[in-house]
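Participant: The structure is given below, and queries will be raised subsequently.
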Amino acid sequence: MLLPAEKELRAVLARFADARFRHDLHPTGHSSRELEDASYTLCVMTGTQSVDQALIAADALLERLRADRTTTTKATQTLAA
């Protein structure tokens, strides 16, 4: 599976959270479609089949990206020294 870019993953998570909040606050046909679209996008991006799985996978992906960034920073600092 290709890893999504961190910026794109965070944007989709924010879009999902916003759609979920707006739909929970004032459910309409429009808010339902926005939530469904954001949920689908999140599932596709994380390679999962449910929103619960997608949120868990997104957390794991963000942790992996953070760890990779930390490792790269440490390697760069070691080379500079």
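Participant: Scan the range 15-35 and tell me whether some residue there is closer than 25 Å to D68 by Cα, among the polar types (S, T, N, Q) and surrounded by 13 or more Cβ atoms within 10 Å (Cβ to Cβ).
Facilitator: No, every residue in the range 15-35 fails to be closer than 25 Å to D68 by Cα, among the polar types (S, T, N, Q) and surrounded by 13 or more Cβ atoms within 10 Å (Cβ to Cβ).
Participant: Applying the selection to the range 1-12, what residues are part of a helix (DSSP H, G or I), hydrophobic (A, V, I, L, M, F, W, C) and open to solvent by 40 Å² or more (accessible area, probe 1.4 Å)?
Facilitator: Across the range 1-12, the qualifying residue is only A11.
The values are calculated or read from the model by the stated rules, or taken from the named source; none is laboratory data. Owing to the predicted nature of the structure, the values given are computational and were not obtained by experimental measurement. As a convention, Cβ positions derive from the backbone with ideal geometry for all residues, glycine included, and neighbour counts pool all protein chains shown. Just the protein is used for accessible areas: all its heavy atoms, side chains included, with ligands, DNA and RNA removed. Shrake-Rupley method; radii C 1.70, N 1.55, O 1.52, S 1.80 Å.
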